[in-house]
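Novice: Once you've had a glance at the structure underneath, I'll fire off some questions.
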Amino acid sequence: MNGKATTIRTRLERGRSALGPALELVHTGRAPTRAVLTAELGVTRATAGAVAAELEALGLIQVDSRPGAAAGSQGRPSHRLAVNDSGPVVLAAQIHADGYRAALVGLGGRTVATAPGRKTVSADPAQVLGAVVDAGAQLLRDSGRRCVGAGLAVPSAVAEPEGTALNPLHLAWPAGSPVRDIFAEQVREAGIAGPAFAGNDVNLAALAEHRHGAGRGAQHLLCVATGHRGVGGALVVDGRLHTGSSGLALEVGHLTVNPDGRPCYCGGRGCLDVETDPLAFLTAAGLAPGPETSLLQQSRELLRGQYGDPAVRAACEELIDRLGLGLAGLVNILNPDRIVLGGLHRELLDADPERLRAVVADRSLWGRSGGVPILPCTLDHNSLVGAAELAWQPVLDDPLAALAASQGPA
Ligand SMILES: [Zn+2]
């Protein structure tokens with residue numbers, strides 16, 4: 001080791017505990033330059049320089065040292081920091097009512113490659129999980145990238161710490177299926193390195209939007225979304241998912257928004273879940289859904305292509321009013337500083353933002369005075385990006401230890 005490296009090592013002893021926080025700042029785009037990193041970490045320039053150099057040596061970030069590459073916080077040129085576009089990836093997997101999707105996701109929430117699969121989801125979770133892991137393993141072979149972990153998003157509450165899918169209502173899986181363990185075993189059998197995690201798809205979407213999308217900077221971020229079937233919700237407080245005492249918080253789908261409405265499988269009637277999902281929209285518009293594409297896709301095409309049709313417009317308004325009632329109740333209880341909507345709810349917001357905001361403001365105690373910003377989700381496949389966040393978390397917590405662990409036996 002030469003003298004310069006020794007100096008960097010010495011500085012790094014002081015900065016080692018800053019490696020994880022520094023990586024998270026670059027990962028979430030909050031430290032675009034070394035000057036900003038220095039200020040955000042509250043360390044000396046020398047320490048920030050050593051930390052950035054170590055993250056670069058680990059292959060996680062790139063430090064662009066060309067003079068004048070970017071302006072620092074005081075207008076001086078500063079080294080530009082970015083995630084390493086050819087660095088490690090994680091395997092992200094999502095299961096939904098119409099099949100699955102696998103993806104490789106790098107730091108910064110960047111999707112490197114993705115492969116969708118349509119498949120009837122059978123009662124045995126191992127079947128579709130095997131298919132998605134196979135698809136992910138193929139993506140890894142094609143890319144040649146190093147994998148440091150795997151994350152899975154499922155359309156069910158996931159109980160912690162067991163990792164079981166408690167209410168996979170729109171899948172044929174038995175309630176309580178040990179999805180995380182099955183997924184972890186298949187990841188291991190496929191020879192993919194690193195730990196494996198599982199979470200609820202809307203929770204993960206919220207986490208991804210908070211770190212990389214429409215929720216950045218929000219302190220109390222409420223996310224409500226409907227994808228293929230049903231409605232989910234999630235809350236990110238101070239950067240962390242609020243999951244309740246055992247992973248089951250924010251089951252917003254079973255808020256009553258139409259007391260005389262459709263029966264719901266929870267035993268209630270007129271729940272947000274059955275009154276504002278794509279099936280409810282297609283039904284309200286007088287359409288029988290076809291089998292060719294997903295219900296979300298059919299709803300989206302109808303809303304975008306035939307909004308001039310009075311029946312489509314009336315269906316849209318009906319769903320907006322019911323969604324607004326649900327959101328108003330949530331605003332009263334949770335007092336979020338931002339709401340992001342995904343799936344069909346995002347499309348409803350885009351179709352008539354004023355109507356939705358007015359319903360929420362009229363029906364909520366606090367919405368009337370301040371007005372909670374309601375925004376569309378901005379990430380493609382945000383549940384997948386969120387599943388990747390689960391897998392990246394050990395690396396963000398302790399880059400050196402996590403990378404060493406994912407090397408496997410020497
Ligand atoms: Zn219900």
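The values are calculated or read from the model by the stated rules, or taken from the named source; none is laboratory data. Since this is a predicted model, take the numbers as computed values, not measurements. Positions of Cβ are generated from backbone atoms using ideal geometry, with glycine treated the same way; all protein chains shown enter the neighbour counts. Side chains included, ligands, DNA and RNA excluded: accessible areas come from the protein's heavy atoms. Shrake-Rupley method; radii C 1.70, N 1.55, O 1.52, S 1.80 Å.
Novice: Work out from phi, with θ = phi - 60° and the Karplus expression 6.51 cos²θ - 1.76 cosθ + 1.60, the ³J(HN,Hα) of each residue of the stretch 156-162, listed in order in whole Hz, and give x for Gly and Pro.
Specialist: Per-residue couplings from phi come out as 7, 4, 10, 6, 10, x, 6 Hz.
Novice: Next question, about the same structure. At q = 0.13, 0.15, 0.17, 0.18 Å⁻¹, what log₁₀ I(q)/I(0) does a Debye calculation on the Cα points of the stretch 217-376 give, no solvent, two decimals?
Specialist: Reported log10 I(q)/I(0), two decimals: -0.57, -0.77, -0.98, -1.09.
Novice: Among Arg101, Arg66, what's the order by accessible area (1.4 angstrom probe), most exposed first?
Specialist: Values: Arg101 50, Arg66 160 Å².
The residues order as Arg66, Arg101, largest area first.
Novice: For q = 0.09, 0.13, 0.18, 0.19 Å⁻¹, what log10 I(q)/I(0) does the stretch 15-127 give under the Debye formula with an equal point scatterer on each alpha carbon and no solvent?
Specialist: So the normalised log intensities are -0.34, -0.57, -0.83, -0.90.
Novice: What are the ³J(HN,Hα) values, in whole Hz, obtained from phi via the Karplus relation 6.51 cos²θ - 1.76 cosθ + 1.60 with θ = phi - 60°, for each residue of the stretch 177-190 in sequence order, with x given for Gly and Pro?
Specialist: 4, x, 5, 5, 5, 4, 4, 4, 5, 5, 4, 4, 5, 7
Novice: Apply the Karplus curve 6.51 cos²θ - 1.76 cosθ + 1.60, θ = phi - 60°, to the phi angles in the stretch 33-48 and return the couplings in whole Hz, x for Gly and Pro.
Specialist: With the stated coefficients, the stretch 33-48 comes to 9, 5, 5, 5, 4, 4, 5, 5, 7, x, 10, 6, 4, 5, 5, 4 Hz.
Novice: Could you look at the stretch 217-376 and say what percent of its accessible area is carbon and sulfur, using a 1.4 Å probe and all protein chains?
Specialist: So the carbon and sulfur contribution to the accessible surface is 51 percent.
Novice: Okay, moving on. What number in nm² do you get for the stretch 329-410 if you take the convex hull of its Cα atoms and divide its surface by four?
Specialist: Quarter of the Cα hull surface area: 7.7 nm².
Novice: Working out 0.36 nm times the residue gap between His220 and Ala57, then minus their Cα-Cα distance, what length gain in nm do you get to one decimal?
Specialist: Going from the current span to full extension adds 55.1 nm.
Novice: A follow-up question, please. Leaving out ligands and nucleic acids, and using a 1.4 Å probe, what accessible area per residue does the stretch 217-376 come to in Å²?
Specialist: 43 Å²
Novice: Where does the Debye-calculated log10 I(q)/I(0) of the chain sit at q = 0.07, 0.11, 0.14 Å⁻¹, using only Cα point scatterers of equal weight, no solvent?
Specialist: -0.36, -0.84, -1.22
Novice: Note the direction-averaged projected area, equal to a quarter of the hull surface, for the Cα convex hull of the stretch 186-267, in nm². Kindly include the intermediate steps, with their values, before the conclusion.
Specialist: On the way: hull surface 32.0 nm².
About 8.0 nm², averaged over all directions.
Novice: Quick check for you: which residues of the stretch 221-249 have the amide N under 13 Å from the point 7 Å beyond the Cα of Gln297 toward its beta carbon?
Specialist: Counting backbone N atoms under 13 Å from the label point, the list is 228.
Novice: Follow-up. Would you calculate, for the chain, the mean residue ellipticity at 222 nm contributed by helices, counting each DSSP H stretch of 4 or more residues as -39,500 (n - 2.57) and dividing by all residues, to the nearest 500?
Specialist: Theoretical 222 nm ellipticity from helices: -13000 deg cm²/dmol.
Novice: Still on this model: Based on the mean of other Cβ atoms within 10 Å per residue, sort peptides 160-172, 336-348, 176-188, 196-208 so the most packed one is first.
Specialist: 196-208, 336-348, 176-188, 160-172
Novice: At R0 = 41 Å, how high is the FRET efficiency between Arg188 and Asp260 if r is their beta carbon distance? Nearest 0.05 is fine. Walk me through the numbers before you get to the answer.
Specialist: Numbers: r = 51 Å, r/R0 = 1.23.
Once the sixth-power term is evaluated, E becomes 0.20.
Novice: What ranking of Arg211, Arg300, Arg146 comes out by heavy-atom accessible area, probe 1.4 Å, highest first?
Specialist: Numbers: Arg211 15, Arg300 60, Arg146 80 Å².
The ranking, largest first, comes out as Arg146, Arg300, Arg211.
Novice: Points 7 angstrom from Cα along the Cβ direction at Gln306 and Asp380: gap in nanometres?
Specialist: 2.7 nm
Novice: Once ligands and nucleic acids are excluded and a 1.4 Å probe is used, how much of His96 is accessible, expressed in Å² to the nearest 10?
Specialist: We get 30 Å² for His96.
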